[in-house]
Amino acid sequence: MKLTQHMQVVNNELNIADIPVSRLKEEYGTPLYIYDQKGIKDQAKTFINGFHSKKFTTHIIYASKAFLNLYIAQLINEQGCYLDAVSGGEIYTLLAAGVPGEKIYFHGNNKTESEITLALEQGIGSFVIDSQADFYKVEKIAKSLNKEAKVLLRINPGIEASTHKYIQTSLDDSKFGMSSHDEDTVALVKEMVKSDWL
């Protein structure tokens, strides 16, 4: 096991932030998921400082799929990070945790009309568009609600990562996003720019 900054082995026992894991086991039982709050805060600070630019705005975005509950959402938000969501349930959790709508990025290649409606009504900051169909759906609902949606287009550069084929997401034929080598992508960008709603 790789030890992180706040982990150490003392008397042959794992300690996290100076707390023996056996104490946590006795108090909370098992199975038990343990998160190091100080470690999360330090990581967030490292990313925010490391990706700060004087030339343009940057956001560090926490991937909710890593682990999401009210406390983690509050903790990540307090560090100044943005958060992503891929479902109405995740949007609901983030909002319930006090995350401002403008700090939420809604992405995913299977957004439902009710989820898009919820996101627009709650002032979600950005929609990440994965396809032409996704674009048309968001635009249609934005128009029907008379609300403008801020959008980003997910573009795949066609680079093959050396990993399992089921988790490769930057290929030209990925189910997420559009290929940078596809003429339809350029046409969609032009259409997005012309839209009165996006």
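The values are calculated or read from the model by the stated rules, or taken from the named source; none is laboratory data. From a predicted model like this one, the values you see are computed outputs, not experimental measurements. Counting neighbours? That spans all protein chains shown, and the Cβs are built from the backbone with ideal geometry, glycine included. These area figures cover heavy atoms from the full protein model, side chains too; ligands, DNA and RNA do not enter into them. Shrake-Rupley method; radii C 1.70, N 1.55, O 1.52, S 1.80 Å.
So here's what we get for this one:
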item	result
Residue that is nearest to the chain's Cα centre (by Cα) [pool: residues in the range 1-24 that are closer than 20 Å to Ile40 by Cα and charged (D, E, K, R)]	Lys2
Filter pass, Leu83 being part of a strand (DSSP E or B) and modelled with pLDDT of 95 or more	yes
Residue count, the range 102-157 (criterion: assigned to a loop (DSSP other than H, G, I, E, B), of a type outside the set (Val, Ile, Thr) and open to solvent by 50 Å² or more (accessible area, probe 1.4 Å))	9
The range 2-54, subset in contact with a His (Cβ under 7 Å, 6 or more places away or on another chain) and in a loop (DSSP other than H, G, I, E, B), residue farthest from Asn69 (Cα to Cα)	Ala17
Residue that is nearest to Phe106 (Cα to Cα), among those in the range 20-70 that are open to solvent by 60 Å² or more (accessible area, probe 1.4 Å) and aliphatic (A, V, I, L, M)	Ile61
Candidate set from the range 86-101 (those that are assigned to a helix (DSSP H, G or I) and open to solvent by less than 40 Å² (accessible area, probe 1.4 Å)); member that is nearest to His59 (Cα to Cα)	Gly101
Thr57, sole failed condition from (1) in a loop (DSSP other than H, G, I, E, B); (2) in contact (Cβ under 8 Å) with a residue 12 or more places away in the chain	(2)
